[in-house]
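Following: one structure in structure tokens, then a few remarks.
The values are calculated or read from the model by the stated rules, or taken from the named source; none is laboratory data. If you're wondering where the values come from, they're calculated on a predicted model, not measured in any experiment. Cβ sites come from the backbone with ideal geometry, for glycine too, and all protein chains shown count toward neighbours.
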Amino acid sequence: MTRRIGTLALLAASASLLAGWSPPPASAADGGALVLERTIPLGDVSGRIDHFAIDLARRRLFVAELGNGTVGVLDLAQGKVIHRLTGLKEPQGIGYVPGVDTVYVASGGDGTVRRFRGEDFAALDTVKLGDDADNVRVDASADQVIVGYGNGTLAVLEAGSGKTLGAIRLDGHPESFRLEPNGPRVFVNVPDARQVAVVDRNESRQVATWTLSGAGANFPMALDAATGRLAVVYRKPATLAVFDTARGEVVARLPTCGDADDVFVDSKRQRLYISCGEGALAVLQRQGDVYQDIGRIPTVPGARTSLWVPELDRLFLGVRASGREAAAVRVYRPVP
């Protein structure tokens, strides 16, 4: 069921709290766990869509339009594109730092991180890192932005100035990574080395290596710090593995949808959302260390990047232009 919402108040309204676990829907096609609320067209945008970032205060969503060499800026209240950052070479990762009102854009094509002013999108400066500048994470408490790039490096930048503060070496190109909110660790997917690297930021080095036998191509990752669980999704074969972050041991393993590129934790409902390029969103319910697939919502082949925004209680999914499908961002509302 699709429902249009015309006001910001309705967009930001929270769904009711999960009253208790219920059996999975009768069929995956029911899509009972996520409802498509609206679709925001991106306009004349071609090629792959990559990662997202959010400016909550202004209700603006930034979309890395990798194949188009641009970043779309969506006004969620108006439900439309209001600006586009151009002249980029394969933008992949985006981070927004509210404290300094700055947008960071990492581009794989030229290995740069470009900084833009959040208020009016004016270009500030460019930081040259190296090949394949990719995922971006913001640590507002430490005033830092961390960017993965090259054959195995995490660059640590000062959020206010963009100045490089340090670099942490890895055994291969870093894909998705997550920062421990109340500790020094960073958990990093390193698919070339078939490992999850555990990094200590205070020591600027890798301190542990976690692996999963019989699985490779680990790209998406989500950290549930409250429960000490790290969700990692592998593509070969399509597998969800959940690690105990205290012991580094796998506590759950199960098949999931294929060609995944993002996974998120919905702490309110104790769920995981996985966006997969095969053309599906997987929803998993957590009870202790048992994860049950409660829905496979059909999407569009190639739509594999997404962003869960708990403050808005919404999941945003990037859809690339293909055939009769126009480039767009789909907005999903979880239920109940």
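The table that follows gives values for the structure above.
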| quantity | calculated |
| --- | --- |
| Test: residue in region 35-43 that is polar (S, T, N, Q), more than 24 Å from residue 176 (Cα to Cα) and at pLDDT 95 or above | yes |
| Of residues in region 277-333 being surrounded by fewer than 20 Cβ atoms within 10 Å (Cβ to Cβ) and touching a Phe, Trp or Tyr at 6+ places or on another chain (Cβ under 8 Å), the one farthest from residue 261 (Cα to Cα) | 287 |
| Test: residue 247 is outside any strand (DSSP E or B) and among the basic types (Lys, Arg) | yes |
| Residue 217 being hydrophobic (A, V, I, L, M, F, W, C), modelled with pLDDT of 95 or more and in contact with a helix residue (DSSP H, G or I) (Cβ under 6 Å, 6 or more places away or on another chain) | yes |
| Per-region count, region 271-306, residues under 14 Å from residue 34 (Cα atoms) and either among the aliphatic types (A, V, I, L, M) or touching a Lys or Arg at 6+ places or on another chain (Cβ under 8 Å) (or both) | 13 |
| Residues (assigned to a strand (DSSP E or B) and either of a type outside the set (A, V, I, L, M, F, W, C) or more than 26 Å from residue 75 (Cα to Cα) (or both)) located in region 316-336 | 318, 322, 325, 330, 332, 333, 334 |
| Inter-residue pairs, beta-carbon under 8 Å, first modelled with pLDDT of 95 or more and in region 52-67, second small (Gly, Ala, Ser) and surrounded by fewer than 18 Cβ atoms within 10 Å (Cβ to Cβ), 6+ apart | 59/12; 59/77; 65/47; 66/47; 67/46; 67/47 |
| Members of region 68-78 that are surrounded by fewer than 20 Cβ atoms within 10 Å (Cβ to Cβ) and either in contact (Cβ under 8 Å) with a residue 60 or more places away in the chain or among the charged types (D, E, K, R) (or both) | 75, 77 |
| Selection count where residues are in contact (Cβ under 8 Å) with a residue 60 or more places away in the chain and not in a loop (DSSP other than H, G, I, E, B), scope region 281-315 | 16 |
| Of the criteria (1) assigned to a loop (DSSP other than H, G, I, E, B); (2) at pLDDT 95 or above; (3) surrounded by 17 or more Cβ atoms within 10 Å (Cβ to Cβ), which one residue 46 fails | (3) |
| Any hit, region 114-122, residues being within 15 Å of residue 147 (Cα to Cα), touching a residue at least 60 places away in the same chain (Cβ under 8 Å), crowded, with 18+ Cβ neighbours inside 10 Å and touching a strand residue (DSSP E or B) at 6+ places or on another chain (Cβ under 6 Å) | no |
| Residue among 134, 120 that is of a type in the set (D, E, K, R), at pLDDT 95 or above and within 20 Å of residue 164 (Cβ to Cβ) | 134 |
